[in-house]
1. Could you pull out every residue, at least 5 positions away or on a different chain, whose amide H is within less than 5 Å of the one on GLY435? Hs are placed 1.01 Å off N in the peptide plane, and Pro or chain starts have none.
2. So for the range 16-78, averaging the separation of alpha carbon pairs under 8 Å that are six or more residues apart and normalising by length, what relative contact order in percent results?
3. State in Å² the accessible area per residue of the range 101-182; use a 1.4 Å probe, count heavy atoms of protein chains only, and round to the nearest integer.
4. Keeping all protein chains in place, calculate the accessible area per residue for the range 369-470 (probe 1.4 angstrom), answer in Å².
5. Any idea what the relative contact order of the range 1-146 is, in percent, if you count C-alpha pairs under 8 Å spaced at least 6 apart?
6. Whenever you get a sec, line up LEU184, LEU463 from highest to lowest accessible area (probe 1.4 Å, protein heavy atoms).
7. With just the Cα atoms of the range 1-126, tell me how far they stretch along each of the three principal axes, in Å, largest first.
8. Round to the nearest 10 and report in Å² the accessible area of HIS75, as given by a 1.4 Å probe over the protein chains' heavy atoms.
Amino acid sequence: MNPPTRPPRPAFVLALDGENLELLERFVAAFDMPVLGGMLARGRRGLLDPWINPLTPPSWTSFLTGNWFPRHGIHGFVLHDPGTRRDSLARLADVRCETLLEALDRQGARTLVLNMPMTWPPPRLLHGSVVSGFDTPGRESPFAWPAALEGRIRERIPGFDASLPARRREGGAGVSRREYLEELLQRVRWRREVLGLLLREGVPRLAVVQVQETDILHHKAWDLLAGEGVPGGEEGRILRALYEEVDRLAGDLRGALGPEARGLVLSDHGGCAGRWVVQVNVLLAEWGFARPLEGADGSLARPEEVGTGVRARGVRLLRRVLGRPLTEETGTIDAAAFVGREIQLDWRGTRAYLAVGDHMGILHRGDGEPLDDAGREALAGRLRALRLPDGSPALREVLPGEEVFRGAGAEGGAVPLPLLVLVPEDGVFLGRRTGGAPFVPYAPEIGSHRRHGMALWDGPGVLPGADPEPLPVVDALPTLLAAAGLPVPAGLDGTVRAGVFEGLARETAPAAAAAAEGGRAAGEAPSAAEEAELRARLEDLGYMG
């Protein structure tokens, strides 16, 4: 590790998932948010760049490791094995390099981590406390380290749930959007309670607290956020209360760590209006690169998921009886995101397919006639020229898999590299269905992801103003650690960014990053029921469709 360049000081991160700088500025001006308002007035702010994958798991993993996803290996919510054509939910045990939390722990620095994605199972830090984030697979799953911490949280907050909120109550009854927003507000209040519980154990050198609810607002209530005014009514009241609670959370961190603390408020990506869902496999079939099974409509479950399969077959039978199309194309993301867990393709006639619809699409080779370099370039050319029904481009970039995954440790391994990586334009979601229309419009109340998020720095020595260029997400934590006098590992893709704090010079280090040293519960995996529960909650937000 590089030696600290400053006297040690505490540092904190408030991670607002999916937040936009302009949105935060608007609500700070309209709501009672003095803490974040003060940080905006005296701090340094700018855009944040998660590279080509504006999605929660890869972006926060890049933040936590200081490395881009070709090195850490997390490219979406789901990791796909093209050899078996099975996918599994990404978790901390899948991260191929050490996190900076683990690196600090080896140096004896006490850390506090609350609700951060990609921290399940919670790493067994010797000097810190961890409460996992939304990737906790179920309400009853273990979510805290040390293990005794979980009991204290459950005793203090009996209804605590570290996973994503569900849109249905036990028994299957749905909840209204107002009730759903109330639950988001309640979860931020829980976060403050748990933070208070953790802070009573002592002031950490580094505290990282994440708020997932700001991103969920984009997916469930974009119409409340869009425009320039402040929403009214009951839902507007809840929105105001939620953001004001986030401000109090920032105040809790600032107050506990003291005036000398260096602070960073950032997001992993931004939010924007959803525009179109592009069902890539439908297009591949139209172009002759994939062959769907006869009658495939993208709604079948895996054979072993009998209950889901029976339900899907029943829905299709009922639609046939009623004389309606087999797939529901209502113009909403919910219809487009009806997930077929087993893609219905004739593999012998399929040369390329999209396995997982995670905004960033990864095309794999099928079992049909192999695509040579000329064939791959022809496919890439058609994808680059792809236009949405409104005439705008669908994809920002189409990249060779070996270029994107260079240095990922997959070369020569058991898992083949992707054929192509598709990077959609803002507001475009890539789906994997094998039937129906290739383009489905979003509903106006549903938001999507955009590439650029936000970064806001605060603390003694910060250089106020606006950054002229976006901050790479891999530079964020190394810069904060250096500003706080905490050790920065060598060999990261990220560097310490000059011009954020006084006297902070840009640093690079050529050495290889250290491997994780046994601080993880790598053997723990979600049960089938836990994984099904988390998948259902992710599907409800429009992912994996």
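The values are calculated or read from the model by the stated rules, or taken from the named source; none is laboratory data. These numbers were taken from a predicted model, which means no experiment stands behind them. Side chains included, ligands, DNA and RNA excluded: accessible areas come from the protein's heavy atoms. Shrake-Rupley method; radii C 1.70, N 1.55, O 1.52, S 1.80 Å.
1. GLY298
2. Relative contact order for the range 16-78 comes out at 23 percent.
3. 39
4. On a per-residue basis, the range 369-470 sits at 41 Å².
5. 13
6. Per-residue accessible area, sorted high to low, gives LEU463, LEU184.
7. Projected onto the principal axes, the Cα atoms of the range 1-126 cover 52, 35, 22 Å.
8. It works out to around 30 Å².
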